[in-house]
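Each remark here refers to the structure printed beneath this line.
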Amino acid sequence: MALRGAVYVNGVIKPAGEAVVPVYDHGFLYGEGVYETLRTYNRVPFLYDRHQRRLRASANRIHLNVPFTDAQLGASIDETVNAAGVMKEAYIRVLLTRGVGELNYDPRSTPDPTVVIIVKPLDEPPARVFENGINICLVDVLRNHPGSVNPVIKANNLLNNALAMRAAQRVGGEEALMCNYRGEITECAMSNFFLVRGGVVLTPPSDAGMLEGVTRAFVFELGQELGIDVRETTLLPNDLQSADEMFITSTTRGISPVVNVDGHMVGSGMPGPITRHLIERYESRAQELTTPTPPSVGTRR
């Protein structure tokens, strides 16, 4: 399979099919590292500052040094985007690992972190996702216990998520919904989860044990702008049966309607009015925040 795009590895940019990291990198050996996924609108990384803050917070939680400033990373991303060639919009993944070292857990063995930036054409969700919605499955795979690998860390080790997705895919699901060790709904394998009941948008609280999504937080802001009540609350599997609408959120999926859970129709079986309203506002705000402001009359060039 031909790999698309370009990859930056510690200052060197190569075509995606030629980029490599050493096998002694602790990100490869032990999953020691953190990452962020971004997408562009109008070829501008969307909500870049928020992703930067979360990357640094994740790195801090695993005591990993961040060897660049926000501006330096932004410049490296721009350089990699340009090297990736012509594309409408870009998918960007920034990875920071413990670095190359001996086969042990001693951080002194890995003095220099590895920085990787992957840029490739963005594969937008197909139109049918927003027009007709998707199917998800509640799986038996539990979300990581916060006392082990805390889900609030956006870690390179995604085995928990991958196992959940495999379970959903085996029964025809397009996303996997997980519970925590207390039996409460937390999040999906690749997205955050919301349901609508009685006109109120509900999502599990942060302390349920999940990644605090950048798009998830943005939905709270959109709700405030639109006069839609968006709240955190504990959700249980039984709450799925009384939902009028559902949707998931992520950087690459935006706000995607959910119309079926485990073979059971949600609401009318089509994306609901509140979900559609939020999608419209999300797309509008994404354009507003990434469209360059034209210079005013008389501005010097």
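Below are the figures for this structure:
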{"item": "Solvent accessible area, Å² - I13, 1.4 Å probe, full protein context", "result": "50 Å²"}
{"item": "Largest to smallest accessible area among L240, L195 [probe 1.4 Å]", "result": "L240, L195"}
{"item": "q = 0.21 Å⁻¹: log10 I(q)/I(0) that the Debye formula gives for segment 28-71, counting C-alpha atoms only", "result": "-0.76"}
{"item": "Relative contact order (%) - segment 200-301, alpha-carbon pairs under 8 angstrom, separation at least six", "result": "23 percent"}
{"item": "Among A176, A83, A189: highest mean-square fluctuation, GNM of the chain, C-alpha pairs under 10 Å", "result": "A83"}
{"item": "Over the chain, equivalent-ellipsoid semi-axes from the Cα gyration tensor in Å", "result": "32, 26, 18"}
{"item": "Cβ crowding within 10 Å averaged over residues, with 130-138, 249-257 ranked highest first", "result": "249-257, 130-138"}
{"item": "Per residue accessible area of the chain, 1.4 Å probe, in Å²", "result": "50 Å²"}
{"item": "Accessible-area composition of the chain, carbon plus sulfur, in percent [1.4 Å probe]", "result": "53 percent"}
{"item": "Computed over segment 157-210: relative contact order in percent, which uses C-alpha pairs under 8 Å that are six or more apart", "result": "25 percent"}
{"item": "List H277, H63, H51, ordered by accessible area with a 1.4 Å probe, largest first", "result": "H63, H277, H51"}
{"item": "Mean separation of Cα contacts under 8 Å, 6 or more apart, over the residue count of segment 72-225: relative contact order %", "result": "17 percent"}
{"item": "Separation in nanometres of the label points that stand 7 Å from Cα toward Cβ, at N150 and Q169", "result": "3.1 nm"}
{"item": "Euclidean distance between Cα centres, segment 222-260 to segment 1-44, Å", "result": "32 Å"}
{"item": "Max mean-square fluctuation residue, GNM over the chain, Cα-Cα springs under 10 Å, options Q169, Q287, Q72", "result": "Q72"}
{"item": "Per-residue SASA entry for R54, accessible area with 1.4 Å probe, Å² rounded to 10", "result": "30 Å²"}
{"item": "Listed residues I118, I274 arranged by accessible area, highest first, probe 1.4 Å", "result": "I118, I274"}
{"item": "Derived scalar couplings ³J(HN,Hα) [segment 173-185; Karplus, 6.51 cos²θ - 1.76 cosθ + 1.60; whole Hz; x for Gly, Pro]", "result": "x, 9, 7, 10, 9, 10, 10, 8, 5, 8, x, 8, 5"}
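The values are calculated or read from the model by the stated rules, or taken from the named source; none is laboratory data. Nothing here was measured: the structure is a model prediction, and the numbers come from that model. Glycine also receives a Cβ, built like all others from the backbone with ideal geometry; neighbour counts cover every protein chain displayed. SASA here: full protein model, heavy atoms, side chains in, ligands and nucleic acids out. Shrake-Rupley method; radii C 1.70, N 1.55, O 1.52, S 1.80 Å.
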